[in-house]
1. Per the Kirkwood formula on distinct C-alpha pairs, the Rh of segment 18-99 is how many angstrom?
2. For segment 342-469, what does the relative contact order come out to in percent, with C-alpha contacts under 8 Å and a separation of six or more?
3. Using only C-alpha atoms and all pairs of different ones, pull out the Kirkwood radius for the chain in Å with one decimal.
4. Just the projected area, averaged over all directions, of the convex hull on the alpha carbon atoms of segment 169-292: how many nm²?
5. Modelling each spin label as a point 7 Å along the Cα-to-Cβ direction, I'd like the residue 75/residue 177 distance in nm, to one decimal.
6. Between residue 22 and residue 397, what FRET efficiency comes out of the Förster formula 1/(1 + (r/R0)^6) with R0 = 30 Å and r the beta carbon distance, rounded to 0.05?
7. By how many nm would the segment from residue 202 to residue 283 lengthen if fully extended, with 0.36 nm per residue of separation less the alpha-carbon distance?
8. Please report the relative contact order for the chain, taking Cα pairs under 8 Å with a sequence separation of at least 6, and give it as a percent rounded to a whole number.
Ligand code: SIN
């Protein structure tokens, strides 16, 4: 049997695409049990959209372009911003409890590099959890969606003619299934789990990027990783987040003596673009002066009510954020790069689509504007669903595929440590070359595990980009090049004799 639409991933992009695909039948593979394993549920800030009386789509697009350090696709930014308000209203109508003001407007937070307060929020820092809950209820109630809870895609099935013919999936009992589909949508999130310090689920290791590349998709800008400046530094893996909305509400960044350090770094101080704040926090921690968020004056006693998730995370680490300084460190938070798609989610590989964080339309450039990620999942997920419904039917005939080798845990942990050290907030050519040597050595031992191939895309992209721009900062190339050029890599470009695409074998 050939399914019309198969969606892999159950964060905001996967679930919204599935809902918007109605009435076409959709099979949805959730990876982890529905509601777990996606970054969406952990998002704190909310959804950026031009909803306020002082705002416009043009201003939102302009802020998106400015934050992206010269690499944002301006058409994509305008598409994103123009659809923002209607997507937020659609989610609200579905039941998502965005906060409203007494006069019927939207309660909006201000986050870094936004010209105005623009982030539709839910109970302070509960937007991701609230949106995910709403979407889960909707997909469970939708007749056109067949949910395969906990089924994980291991590989894509190549089509005998051309393109993608579905996925090889593992069910929760470990059995493999060949699921043929006319249209396969990858929406499995980030590469944050390749870093030792991340705010994303550690299971997010760039699997979609690798599967798509194996069928010939282009990987765009893999070197651009966004580091959130204020992960709570209490030794957790993944690290809990202290939302930027705290700084929007007046919390300040100080050293261990209580001295504010951002005003001398950037005119926007704590609300400077995220990459600037992340580098400053990193430098503070390296220097031994320390970096802390001080919300005691700005938020104080209102903390538990206004930011319940951050409050809970702090208290669990023995920090009372009403009065104590919160120790912070940058953590891998978002991948601006990924599978190159057009503005309708098409990867250019017949039958293969991508949405959400694993995709790259170019809308985030070198540095994503805060709270544009949930919006990306909504806007481009909706567009992909519309494009798939309008696409002609495809006859598919799947070739064989095999599950990739897994990376043993000790190897994965050494890879994560090396990626944080060599491809983190600050990079240089020598460190990136060392990282590639480690990947070579691990691959010689363990085979082409997806985590290694994803890591190689990241490291090769970072080594090739001989400049500093947005989230990519090289001490050996500190200046920004005059010409902003995207990186585009295919699997064959990862020039290493030990790296060969996995060959089809028996499933
Ligand atoms: C935050 O709340 O600080 C994170 C929002 C985002 O990453 O867009």
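Read-outs: derived from the displayed coordinates by stated rules, not from any lab. Because the structure is a prediction, the values reported are computed rather than measured. Neighbour counts run over all protein chains shown; Cβ positions are idealised from the backbone, glycine included.
1. That comes to 15.2 Å for segment 18-99.
2. 21 percent
3. 22.6 Å
4. 10.9 nm²
5. 3.8 nm
6. FRET efficiency, residue 397 to residue 22: 0.65.
7. 26.7 nm
8. 22 percent
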